[in-house]
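Let me begin by presenting the structure, written as structure tokens, before commenting on it.
The values are calculated or read from the model by the stated rules, or taken from the named source; none is laboratory data. Keep in mind it's a predicted model, so treat the numbers as computed, not measured. Reconstructed Cβ throughout: ideal geometry from the backbone, glycine too, with neighbour counts over all protein chains shown.
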């Protein structure tokens, strides 16, 4: 059964009402018809099975026939502050990070980051749509939040939980993500939140890394290999969730 994310007010009792872009998608793209069944979720912890009653590109109405708990979200919420990358690689990152289990992502602005201001609102809407479709496809219980772009200084001060900074110049003495989380296990289980700061392909300026550590970020290493910015983000996210017992 196909599964779709809807706003919280789309499901009222035994009735489901879908409008806007999703109605168009159901009616005109997927060509669903009355009698077809879909699953809907609103991020509130519940999935409902719906039998469609009326279908048009403007409005879809259905009857709720069953309800069940949504798939569990990771207990540890991981927030990714990711420098914007060239081309469509940031879109690819949003999709894959959603599949892995991130809670939110914010484009990170640093001195060497690729930043484009024209059409930023349109890009953000596209990122939200990509995250939504990825959450539907991989059966997430909620859709990750796509936050507004933030400069590094503000990201460090507003980041939640344990703040990690993978840094290519950290050297062999820098701890791994697993080392840091084990050392701060009490804090990790108390807050259940981790924030990851990922620099641009050109790397962070030394002054930026120092500023971040002074503000409380912990410099960590991802190993000896040189990773693309978007790869580093996914590796760090995976290591955090694996260390927290959320993967495998």
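For this structure, a couple of remarks:
A quick yes/no check of all residues on (1) assigned by TED's automatic domain parsing to the domain that holds residue 231; (2) without any contact (Cβ under 8 Å) to a residue 40 or more places away in the chain; (3) farther than 29 Å from residue 188 by Cα; (4) in contact with a helix residue (DSSP H, G or I) (Cβ under 7 Å, 6 or more places away or on another chain):
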| site | (1), (2), (3), (4) |
| --- | --- |
| 97 | yes, no, no, yes |
| 107 | yes, no, no, no |
| 110 | yes, no, no, yes |
| 131 | yes, yes, no, yes |
| 136 | yes, no, no, no |
| 141 | yes, no, no, no |
| 148 | yes, no, no, no |
| 164 | yes, no, no, yes |
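- Scanning the range 64-94 for residues that are buried (at least 19 other Cβ atoms within 10 Å of the Cβ) and either more than 22 Å from residue 140 (Cα to Cα) or touching a helix residue (DSSP H, G or I) at 6+ places or on another chain (Cβ under 8 Å) (or both) yields 74, 76, 78, 80, 81, 82, 83, 84, 85, 90, 93, 94.
- Test: residue in the range 167-182 that is closer than 16 Å to residue 84 by Cα and either under 22 Å from the mean Cα position of the chain (by Cα) or in the same structural domain as residue 90 (by TED's automatic domain parsing) (or both): no
- Matching residues, the range 183-207, being within 16 Å of residue 241 (Cβ to Cβ) and under 22 Å from the mean Cα position of the chain (by Cα): 188, 189, 191, 192, 193, 194, 195, 196, 198
- Given (1) under 18 Å from residue 131 (Cα atoms); (2) touching a strand residue (DSSP E or B) at 6+ places or on another chain (Cβ under 8 Å); (3) not assigned by TED's automatic domain parsing to the domain that holds residue 132, number of the condition residue 81 does not satisfy: (3)
- Matching residues in the range 199-218 - criterion: being at pLDDT below 95 and outside any loop (DSSP other than H, G, I, E, B): 206, 207, 208, 209, 210, 211, 212, 213, 214
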